[in-house]
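The values are calculated or read from the model by the stated rules, or taken from the named source; none is laboratory data. Everything numeric in this text was worked out from a predicted model, so none of it was measured. Here Cβ is always computed from backbone atoms with ideal geometry, including for glycine, and neighbour counts include all displayed protein chains. Quick note on the areas: whole protein, heavy atoms, side chains included, nothing else; ligands and nucleic acids left out. Shrake-Rupley method; radii C 1.70, N 1.55, O 1.52, S 1.80 Å.
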Amino acid sequence: MSKAFVDKVMETVTARNPGEREFHQAVQEVAESVAVVIEKNPALARLKIFERMVEPERQIIFRVPWTDDKGEIQVNRGFRVQFSSAIGPYKGGLRFHPSVYLGIIKFLGFEQVFKNALTTTPIGGAKGGSDFDPKGKSDAEVMRFCQAFMNELFRHIGPDTDIPAGDIGVGGREIGFLYGQYKKLTNTFTGVLTGKGLEYGGSLVRTEATGYGLVYFVTRMLEARSKSWKGLDVVVSGSGNVAIYAAEKAQQLGARIVAMSDSGGYIADSKGINLDTVKRIKEVERGRIKEYVQAHPSATYAEGCRGIWSVPCTIALPSATENEIDEKSARLLVKNGCLAVGEGANMPSTPEAIEVFLDGGVSFGPAKAANAGGVATSALEMCQNSMRLSWTFDEVDARLKLIMNNIYDQCQKAAETYGAKGNLVVGANIAGFLKVARAMMAQGVV
Ligand code: NDP
Ligand code: 2IT
């Protein structure tokens, strides 16, 4: 029955969403994990719970016209896919990157549903974004684009309806411009976006949350092997929001970051990477990672981001983008002695790579569990906005830690209950699925 169930679901999903490769990949993995649960609970099959989950509640595609600094009109495409409101208002980030198309937004929105359920906070799943490329654009151009994007998006979102946040290409600067335009259009000051600046309703720790949360999650994976971060060599791909703060927390716990990257290439230094320099280049100057070697001649730079997986390490934290670790890279990591992989990015390992890790005895923390600290802290930001209060850094950080521990425990328990002890991929998919499924069953056919 399991294989028949997966095949049938995939037949419908591929026919209905042609060419959306990343979305098919995300659905297939969850379907394979939850087939056994559906087999044991006939009501789930009868009520077509999974069949309903793979169809977004609402998909919005819109034109985003804006004027560049030369006075030329540019046209981009905007998306918001509101996937599931079963357990709370739609919630998930916005991605601005030239590779964005409906299939990317749908895969991210689908993953978000299960991730958000795992956080134990009451948020549904969504994702949005645009094929706009912020690289090389002036602040004024980014502002005009964000305003144009919000001119349509505002009518579809709201603090109790849908609460967007950041993702690739959307950080504090973009959230500020988006928030300003939402406020002007609606004449309201609400917690409609998360990742806001601290001066206008943002939460302490939100900037660090995904990376810190990832390290808290991997700490549990290491503890299960009676290990700590002390003295370990860590490779972190990417050098954006997730990568920088994962590296920062791992360093605080005694690890050495031996390589980081951006889409152009990677830097490596067996003595350890200096994060202040990375922050200056990437956060302040919006530059390229290759500039790092000018400040640190002991480091090397190599063109091409995939080569980073050839740098020997004990822990790998892929924190750039989807499918950045393929089977070959995974084999190289295992061969070089990698013991644990924690996914900071969304779906950074291909299915073949995951198989290599699981077969090779590598502890594997899947994205929807391991990187849930970002959205969980977004939910804490929403909570503070509703109360018109701000918690201290330590208070938010302590809650984040509790949440990550809880996610780890849920995944372990679900995996064990359904006969896949220690497999956190299966555990995360089943635990997230069951929470959303129960809410859907309670709410009827809607
Ligand atoms: P940023 O835009 O801050 O950084 C992205 C980093 O990844 C940059 O170093 C970028 O390099 C690199 N990158 C982006 N696209 C590609 C690509 N196609 N190939 C190679 N490298 C690439 O984004 P975030 O750090 O926020 O996001 C990173 C990942 O983490 C994404 O998968 C995102 O979905 C996920 N995530 C983010 C969360 C958050 O709270 N921000 C929460 C949970 C997951 P370059 O500068 O050259 O573009
Ligand atoms: O993938 C993710 O979880 C995010 N980009 C964060 C979403 C959010 O709403 O904070």
Apply the Kirkwood formula to the stretch 1-89: the hydrodynamic radius equals the inverse of the mean of 1/r over all pairs of different alpha-carbon atoms; give it in Å with one decimal. 15.5
Along the stretch 132-141, Karplus-curve 3J(HN,Hα) (6.51, -1.76, 1.60; θ = phi - 60°) to the nearest Hz, with x for Gly and Pro, reads 5, 10, x, 4, x, 8, 6, 4, 5, 5
Going out from 0 in 10 Å bins, what whole percent of all Cα-Cα distances in the stretch 75-144 drops into each bin? 23, 42, 25, 11
Straight-line reach check, residue 271, cutoff 24 Å on alpha carbons, 8 or more apart in-chain or any other chain, hits among lysines -> 227, 230, 249, 279, 282, 290, 335
If you wrap a convex hull around the Cα atoms of the stretch 340-428, how much volume per residue is inside, in Å³? 97
Sequence ranges 103-116, 3-16, 21-34, ranked by mean other-Cβ count within 10 angstrom, highest first: 103-116, 21-34, 3-16
For the stretch 383-446, one quarter of the surface area of the C-alpha convex hull, expressed in nm², comes to 6.4
Taking the simple approach of a point 7 Å from Cα along Cα-to-Cβ for both residue 230 and residue 11, what is their distance in nm? 5.7
How many percent of Cα pairs in the chain exceed 26 Å? 54
Roughly how many percent of the accessible protein surface of the chain is carbon and sulfur, given a 1.4 Å probe and a whole-percent answer? 52
Starting from the Cα of residue 368, draw a straight line to each of the lysines and keep only those under 17 Å, dropping any in the same chain fewer than 8 residues away. 91, 106, 115, 127, 401, 413, 435
Segment residue 285-residue 406, extension gain: residue separation times 0.36 nm, minus the distance between their alpha carbons: 39.8 nm
What residue among 369, 224, 431 shows peak mean-square fluctuation when the chain is described by a Gaussian network model with Cα springs under 10 Å? 224
Highest mean first, how do 58-68, 122-132 rank when packing is the count of other Cβ atoms within 10 Å averaged over residues? 122-132, 58-68
Using mean Cβ contacts within 10 Å as the protection proxy, how do 202-213, 403-414 order, highest first? 202-213, 403-414
In whole percent, what relative contact order does the chain give with Cα contacts below 8 Å and a gap of six or more residues? 15
Result for the chain: accessible area per residue, probe 1.4 angstrom, in square angstrom, of 40
Reach of residue 183 by Cα under 18 Å, taken over lysines that are not fewer than 8 positions away in the same chain: 196
Once the stretch 163-223 is represented by equal point scatterers at the alpha-carbon sites, with solvent omitted, what log10 I(q)/I(0) does the Debye formula produce at q = 0.22 Å⁻¹? -0.86
In µm²/s, what is D for the stretch 58-189 at 10 °C and 1.306 mPa s, where D = kT/(6 pi eta Rh) by Stokes-Einstein and Rh is the Kirkwood radius from Cα pairs? 108
